[in-house]
Each structure stands twice: as structure tokens, then as C-alpha cells.
Amino acid sequence: MRKNPLHACAALLLASLAGAAGAQEAAASAPAAGEPAVIRFQRSAAYLDETAVADNIRKECSSLGSQLSASTERYAQEFGLKVERVESVEATQGGTVLQLKIVSAISSGNAFIGHRKSVAVKAELFRDGQLVSQTTRSRDSMGGFAAGFKGSCDVLERTVNTLGSDIAKWLRAQG
């Protein structure tokens with residue numbers, strides 16, 4: 001019986017596709033050369049100077065630091081960065097370290113007369129103990145949609161969430 005050349009071509013094509021799929025799976029599971037390092041940062045961002053932030057903000061909105069870190073982590077992962085939040089980290093440690101600090105937090109106004117909130121943060125990126133880049137970012141908010149139904153801490157949390165996105169974008173640009 002004579003073999004059909006189309007069957008031979010089809011078999012060859014299927015075999016090459018199966019090989020390519022296997023190679024793609026192997027490449028996906030193996031770390032690529034030059035893969036970005038894990039960026040480690042503190043689970044909760046500290047205040048750069050606690051005296052620069054009103055006592056009522058620090059006491060009533062006590063989760064701002066952890067929310068800033070969580071937001072930075074979430075957006076960084078969405079941007080394809082490898083990040084790890086740890087209890088404590090020092091810039092002098094090896095590897096890639098992000099130091100996040102809340103520089104200021106201002107809470108004026110309220111739900112009845114209108115919110116006027118602002119948060120500023122400082123980010124410093126270290127590689128093997130050396131400062132390679134830094135930035136300071138700030139965001140203001142008047143509360144957004146349904147501001148009259150939001151408390152002051154809710155509006156401040158909204159600003160640190162957006163700042164987490166800003167810092168993640170900045171990290172992505174650092175390469």
C-alpha cells in the first residue's frame with residue numbers, strides 16, 4: 001500500500017507542534033535568565049516622622065501603613081513584578097529592598113462640609129545595600145463618589161490605595 005504524502009506531512013506537523021508545546025511548558029516553569037529579583041518590603045509602611053502626622057490620624061486610621069504596603073504589593077503583582085512583604089527589612093540587607101515611608105497625612109473637612117485629605121509617601125529602592133532610586137509621591141482626595149457617606153479614614157485609605165498603584169508603576173519603571 002502506498003503512503004499518502006499528506007498523512008506524512010500531517011504527522012510531522014503534529015509532532016513538531018507537540019514538541020513546541022512541551023518546550024513552551026518547560027520554558028514557563030524554568031526561571032528565565034535575567035529574571036527580575038524579588039523586591040522585599042515591610043508589611044506595614046512606617047511614618048517617616050510620627051510628629052508630622054496628627055495624633056488622631058495615627059490612632060484612628062492605624063491601618064494606613066499596612067494598607068499602603070498591601071496596595072503596593074497587589075499592583076506590583078498585577079504589573080508582573082515579584083514582591084514579598086516581610087515583617088522587617090533593612091536597606092543594608094542583600095537583594096532588592098524597597099523602603100516605604102508615609103511622609104505626611106492630612107485630614108481636614110468631613111462628610112458634611114466636604115473631605116480634604118492628602119497623603120504623601122517616600123519610596124527608596126536599594127540593591128545589595130546601595131540606594132539606586134527614590135521618589136516621593138502624594139495624592140489628594142475629596143472622597144469621590146458618595147463622599148458624604150464616608151469617614152475620614154475611608155478617604156485616607158482611598159489615597160494610600162492609589163499611592164500603592166503609583167509606587168508599583170514607579171517600581172516597574174526601575175527595571
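For segment 68-102, a residue qualifies if it is of a type outside the set (Gly, Ala, Ser) and either assigned to a helix (DSSP H, G or I) or over 18 Å from the mean Cα position of the chain (by Cα) (or both), and the qualifying residues are Leu68, Thr72, Glu73, Arg74, Tyr75, Gln77, Glu78, Glu90, Thr92, Gln93.
Condition check ((1) surrounded by 16 or more Cβ atoms within 10 Å (Cβ to Cβ); (2) on the phi < 0 side of the Ramachandran plot; (3) touching a Pro at 6+ places or on another chain (Cβ under 9 Å)) across all residues:
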| position | (1), (2), (3) |
| --- | --- |
| Asn56 | no, yes, no |
| Gly65 | yes, yes, no |
| Val83 | yes, yes, no |
| Gly95 | no, no, no |
| Lys101 | yes, yes, no |
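Of the residues making up segment 123-137, not a single one is at pLDDT below 85 and open to solvent by 50 Å² or more (accessible area, probe 1.4 Å).
The values are calculated or read from the model by the stated rules, or taken from the named source; none is laboratory data. Keep in mind that this is a model prediction, so the values were computed, not measured. Please note: Cβ atoms are built from the backbone with ideal geometry, for glycine as well, and neighbour counts cover all protein chains shown. Areas reflect the complete protein model, heavy atoms only, side chains present, ligands, DNA and RNA absent. Shrake-Rupley method; radii C 1.70, N 1.55, O 1.52, S 1.80 Å.
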